[in-house]
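Here's the structure we're looking at; comments come further down.
The values are calculated or read from the model by the stated rules, or taken from the named source; none is laboratory data. Computed from a predicted structure; not experimentally measured. Here Cβ is always computed from backbone atoms with ideal geometry, including for glycine, and neighbour counts include all displayed protein chains. These accessible areas exclude ligands, DNA and RNA; they are computed on the full protein's heavy atoms, side chains included. Shrake-Rupley method; radii C 1.70, N 1.55, O 1.52, S 1.80 Å.
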Amino acid sequence: MREMNLISKQPGSHAYKKATVERPNIPNVLDRGFTVASPNKVWCGDITYVWAGGRWHYLAAVIDLCARRVVGWAFSPKPDADLVIKALDMAYEQRGRPQNVLFHSDQGNQYGSRSFRQRLWRYRFTQSMSRRGNCHDNAPMERLFRSLKTEWIPTVGYMSAVLAQQDIGRFLMERYNWRRPHQFNEGLGPAVAEEKLNSVSGIS
C-alpha cells in the first residue's frame, strides 16, 4: 500500500457518550420471553451506528417479536431521544395504532428519557428494559443488526447519509421483511410469516 500510495479509509472505533442523567428503574418485564403468539403484543427496540459521509450516524429500529418483522425505524446523525421516538411513531402508525403493547429495549438513556416514556404512556404501552450490560435480554434486536452489518452495509460505510438511509431502508422493509429467510420463521421472511399467521387466525 505504501508503494502504491494507498491509504486505508476504514472508519475508526465508535463509543457512545456516557449518560449524564439518572436512569429510571424500569423492570425487565419481557424476561427473554421472545416467543409471542400474535402481532402487536411485544415490540423490541434498539440503536446501532453506521459510518456515512465521513462520520457516525445512528439507526433506531423496532421489531414485532411475533414474526421478527421490522415495523419502524429512523436514521439520524444524533443518537438522541428524538431518534427512538421517530422509530416508535413509525411503528405505531404503520401497525394501526395498537394499544397494550409491551415495548422492550436495553437500558440506553434514549429509552429511559422522559420524552420517550411519555410517548409510551400516550400510546398506552408498557415499558420493559433489559438488565444492565446483558445484551442477551434483547437478543432479537442484536440479531437484526448483525444481519444488517454482515450481509448488507459496505465494510467502508456509505459515501453520504442520504445513500445510507435509502439503502438501509431497502434492507429493513424489503429484503429483511419479505425476502430474507429467517430461521425463527422456518425459512420464511418475517412479513410473509406474519401474513400466513394472520390468514390462519382470521386476522385481516
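Side notes on the structure shown:
- Heavy-atom accessible area with a 1.4 Å probe sorts 75, 184, largest first, into 184, 75.
- Compactness of the chain - radius of gyration and Dmax, Cα, Å: 17.7, 67
- Karplus-derived HN-Hα couplings along region 61-75 (A = 6.51, B = -1.76, C = 1.60, θ = phi - 60°), whole Hz, x at Gly and Pro: 9, 10, 10, 8, 5, 3, 10, 6, 7, 6, 10, x, 6, 8, 9
- Working note: Karplus 6.51/-1.76/1.60 with θ = phi - 60° gives region 24-38 the couplings x, 8, 10, x, 7, 5, 5, 6, 6, x, 7, 8, 10, 6, 9 Hz, where Gly and Pro are set to x.
- Residue among 177, 102, 51 farthest towards the positive dipole end of region 42-199, charges placed on Cβ: 102
- Accessible area of the chain belonging to carbon and sulfur atoms, whole % at 1.4 Å probe: 50 percent
- Nonlocal amide H pairs with residue 58, under 5 Å, H built at 1.01 Å: 50, 76, 78
- Proximity of backbone amide H atoms, modeled 1.01 Å from N, is registered between residue 69 and 64 at under 5 Å, excluding neighbours fewer than 5 places apart on the same chain.
- Each Lys and Arg contributes +1 and each Asp and Glu -1, all at the Cβ; summed about the Cα centre of region 42-199, the dipole is approximately 260 debye.
- For residue 42, distant residues with modelled amide H under 5 Å away: 65, 66, 102
- Sum of -39500 (n - 2.57) over DSSP H runs of 4+, divided by residues of the chain (222 nm, nearest 500): -8500 deg cm²/dmol
- Of the DSSP H helices in the chain, not one has a Cα length along its own long axis of 15 Å or more together with a mean Kyte-Doolittle hydropathy reaching 1.6.
- Each residue of region 44-55 is assigned a 3J(HN,Hα), and the resulting list reads 10, x, 6, 10, 9, 10, 9, 7, 8, x, x, 7 Hz, derived from the Karplus form 6.51 cos²θ - 1.76 cosθ + 1.60 (θ = phi - 60°), x at Gly and Pro.
- Sequence-separation-based contact order of region 42-199, relative, with Cα cut under 8 Å and 6+ spacing, percent: 23 percent
- For region 103-184: span of alpha carbons on each principal axis (Å, largest first): 35, 30, 25
- With all protein chains kept in place, the per residue accessible area of region 42-199 amounts to 46 square angstrom at a probe of 1.4 angstrom.
- Stretched out straight at 0.36 nm per residue, the stretch from residue 37 to residue 118 would grow longer than its current Cα-Cα span by 26.4 nm.
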